[in-house]
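Enquirer: Below: one structure in structure tokens.
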């Protein structure tokens, strides 16, 4: 496994769905609170060295009419239904801070129907460091779109979690190594050097 070096001026930390309503749900192999604590450390370091921090959350439009309603063979993940008023609020202490980007998405992936790609390209970003919940849904959907758009990807294994350890492991061991590099929080922190 090659070493990791990240240029903060060309790298963005993209954190997926670390919002009150999702972090409160059960997660494996890491509890939501543990993922959030690692994400806070990563975001703090990115801000310190001049990197870009992107906080992504998911919520339906106020009338809910834009929610996806596919016909499926398996039960859909928890729908939006009647959500608490603070469901989509970022967890306390994560941000946003001045200079952070906030992206609101209406589906699993953070690129489709948002200005994420535009904002990253305008800032000269070539590498995305990804974390969040859920590994196999929001993180993986965003990663696949980023890969197809030509971004370099780094996945922070212990700053992601899923509804099951098996789902998390599948993405980390079978999908992500084919489209990027899988590292742990400490490795990413060490790879960030001030510009």
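What follows is calculated from the coordinates using simple rules that are stated; it is not laboratory data. Remember, predicted model here, so these are calculated numbers, not experimental data. Cβ sites come from the backbone with ideal geometry, for glycine too, and all protein chains shown count toward neighbours.
Enquirer: Tally time: how many residues in the range 1-12 are under 13 Å from the mean Cα position of the chain (by Cα) and either surrounded by fewer than 21 Cβ atoms within 10 Å (Cβ to Cβ) or outside any strand (DSSP E or B) (or both)?
Expert: Result for the range 1-12: 0.
Enquirer: Listed residues 51, 21; which is touching a strand residue (DSSP E or B) at 6+ places or on another chain (Cβ under 6 Å) and surrounded by 16 or more Cβ atoms within 10 Å (Cβ to Cβ)?
Expert: Among 51, 21, only 51 is touching a strand residue (DSSP E or B) at 6+ places or on another chain (Cβ under 6 Å) and surrounded by 16 or more Cβ atoms within 10 Å (Cβ to Cβ).
Enquirer: Still on this structure, I have one more. Name every residue in the range 13-55 that is out of contact with any helix residue (DSSP H, G or I) (no Cβ under 6 Å at 6 or more places or on another chain) and part of a strand (DSSP E or B), in order of residue number.
Expert: 14, 19, 52, 54, 55
Enquirer: I'd like to check something: does the range 145-158 contain any residue that is in contact with a helix residue (DSSP H, G or I) (Cβ under 8 Å, 6 or more places away or on another chain) and surrounded by fewer than 15 Cβ atoms within 10 Å (Cβ to Cβ)?
Expert: Yes, the range 145-158 has at least one match.
Enquirer: Identify the residue in the range 113-143 that is more than 24 Å from residue 7 (Cβ to Cβ) and touching a helix residue (DSSP H, G or I) at 6+ places or on another chain (Cβ under 7 Å) and, among all such residues, is surrounded by the most Cβ atoms within 10 Å (Cβ to Cβ).
Expert: 135
Enquirer: Answer yes or no as to whether residue 60 is surrounded by 15 or more Cβ atoms within 10 Å (Cβ to Cβ), touching a residue at least 40 places away in the same chain (Cβ under 8 Å), touching a helix residue (DSSP H, G or I) at 6+ places or on another chain (Cβ under 6 Å) and more than 18 Å from residue 100 (Cα to Cα).
Expert: no
Enquirer: Just give me the residues in the range 174-192 being part of a helix (DSSP H, G or I) and under 14 Å from residue 145 (Cα atoms), in sequence order.
Expert: 175, 176, 178, 179
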